[in-house]
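The values are calculated or read from the model by the stated rules, or taken from the named source; none is laboratory data. Keep in mind that what you see is a predicted model, and the values were worked out from it rather than measured. A quick note on method: Cβ atoms are made from the backbone with ideal geometry, for glycine too, and the neighbour counts reach across all protein chains shown.
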Amino acid sequence: MYKLITLLLLVVASRSTTAVATQYNAIFKAQTGWDIYTGGVYRYGPSIIENNDGSIDAWFAAPGGQFGEMIFYYNDTGIPYPVGLSTENTAAQKFIAVDPFYAINVFCPAWGSSNSSLTFSLYRWRTDYNTTLASAALSTKVYVNYTDNQYIQLARDDKFTSGEYLWLLSNSSGTAGVWKIKGDVSNVTNYLNGQVVTDSYHAFAFINATKGGSYWDQVAYRRSVDGGETWTPDQMVLKPTEDTRDQFSVCDPGLVKSGSYYYIGYTSTEDPRGMFNHAYVARSTSPAGPWDKWNGNGWGGSPQPIITFTGDRNAWGAGEPSLILRDGTIFFYHSWNGLQTTETHVATGDANDENWPAHLSYHGLAINKTAIVGADHCDVKYRNDLQKFYAIHAASRLTQNSYVVL
């Protein structure tokens, strides 16, 4: 059941393009302090399900991150500052790896130059600093003319074992350096020229093999059990999959529950410009995941689009899904935006079919918003009490004259 909480909507009648102000009675009124999210950056494009027990599940588009499970050896809330390393200077950090790890990474500035170099070495810790450096390095790599603010890395495909380690930056040239973060971290010791120093160098380990690239968006999840007054902390529950078709982004979540599964539709692209988007879907038995992405033939593995945009590659494309379950049918509404068109299309699948994404029926255009300036994507719902589908979207978005169309 979905609650309509909009107090004032601007309604576009089916036979008119004139916006009409219409008053609706609120089913409930949000109170001061009932904020789902008050942090920095953004959470948008919510998809919300109210359950029969009164609890509420909500999913949002959230800022992205970096691939790979990381173990930080610095204070990730501290203030960063660079430390220059002249020819005779060395920087080092002792750390404890609780688990085997694929790679150790260090963040190094070069102050805009392209002629800075460093030798990066990793040692097994042996009693003390000097004894450790007197032993043979486990791995060494010379970074010649590294790029400004590059993560330099030492990696091993079969992983370094757990234990105590020391990494060392030496033989610096040009304007080489290392980033440091205010604050100390337990079980981490930092050295400059062999002397213990305060604050921590910007270093972290990757647990598993990864290229360490970044992605734009992911899906955050929160839950309320008191009608929306308070919410659980953010959980990042669905992320892009590295080296696949959705690796840039998982955005614009749209949810529906059918049987024992939650299905989440989302937008992604292979275009680094953010154009030529497609729509994808994943499923889970829990609102917080883990999620199995549709792979073109079944669930899990390398994701493949459920809706592939076939228009101009310079157009925005397909995505921003909104899902409905009605009478055993899953309705998959999605944006379909060409160079000169702004539309919502719909496809349907049999909810009783385990692999319904493979057997979609495509019905094409459902809503044409091309004539509406600044029209956003549609969120579509079905009201059982009125036996009608309702679509709602913003218009003239991001302007002082924005309004809502139903």
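The figures follow:
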quantity: Selection status of Gly177, surrounded by 17 or more Cβ atoms within 10 Å (Cβ to Cβ), in the same structural domain as Gln93 (by TED's automatic domain parsing), of a type outside the set (Phe, Trp, Tyr) and in contact with a Gly (Cβ under 6 Å, 6 or more places away or on another chain); calculated: yes
quantity: Condition check for Pro109: out of contact with any Ser or Thr (no Cβ under 9 Å at 6 or more places or on another chain), surrounded by 17 or more Cβ atoms within 10 Å (Cβ to Cβ) and either modelled with pLDDT of 95 or more or not assigned by TED's automatic domain parsing to the domain that holds Asp157 (or both); calculated: no
quantity: Where a residue in segment 153-164 is at positive phi and in the same structural domain as Phe120 (by TED's automatic domain parsing) and its partner, wherever it lies, is in a strand (DSSP E or B) and surrounded by fewer than 17 Cβ atoms within 10 Å (Cβ to Cβ), with Cβ under 9 Å and at least six apart; calculated: Gly163/Ile96; Gly163/Arg124
quantity: Candidates Tyr362, Tyr266 - the one that is buried (at least 18 other Cβ atoms within 10 Å of the Cβ) and either assigned to a strand (DSSP E or B) or not assigned by TED's automatic domain parsing to the domain that holds Lys239 (or both); calculated: Tyr266
quantity: Residues within segment 45-95 that are at pLDDT 95 or above, more than 26 Å from Ser260 (Cβ to Cβ) and among the charged types (D, E, K, R), tallied; calculated: 1
quantity: Residue list for segment 155-169, restricted to those being surrounded by fewer than 19 Cβ atoms within 10 Å (Cβ to Cβ) and part of a strand (DSSP E or B); calculated: Ala155, Arg156, Asp157, Asp158, Lys159, Gly163, Glu164
quantity: Filter result (within 15 Å of Glu354 (Cα to Cα) and of a type in the set (Gly, Ala, Ser)) within segment 254-286; calculated: Ser258, Gly259, Ser260, Ala282, Ser284
quantity: Residue pairs meeting the criteria (Cβ under 6 Å; at least 6 apart or on separate chains; first more than 19 Å from Pro46 (Cα to Cα) and free of Cβ contacts under 8 Å to residues at least 24 places away in the same chain, in segment 378-406; second among the small types (Gly, Ala, Ser) and surrounded by 14 or more Cβ atoms within 10 Å (Cβ to Cβ)); calculated: Ser396/Gly374
quantity: Contacts under 6 angstrom Cβ, first residue in segment 68-92 being of a type in the set (Phe, Trp, Tyr), partner surrounded by fewer than 18 Cβ atoms within 10 Å (Cβ to Cβ), 6 or more apart; calculated: Tyr73/Val188
quantity: Residues located in segment 206-240, provided they are buried (at least 18 other Cβ atoms within 10 Å of the Cβ) and of a type in the set (Val, Ile, Thr); calculated: Val219, Val237
quantity: Matching residues in segment 99-122 - criterion: being within 27 Å of the chain's Cα centre (by Cα) and farther than 15 Å from Tyr143 by Cβ; calculated: Asp99, Pro100, Phe101, Tyr102
quantity: From the options Gly289, Gly274, residue that is at positive phi, in the same structural domain as Gln247 (by TED's automatic domain parsing), buried (at least 16 other Cβ atoms within 10 Å of the Cβ) and part of a loop (DSSP other than H, G, I, E, B); calculated: Gly289
quantity: First in segment 286-297 and in contact (Cβ under 8 Å) with a residue 24 or more places away in the chain, second anywhere and part of a strand (DSSP E or B) and basic (Lys, Arg), Cβ under 7 Å, 6 or more apart; calculated: Trp291/Arg283
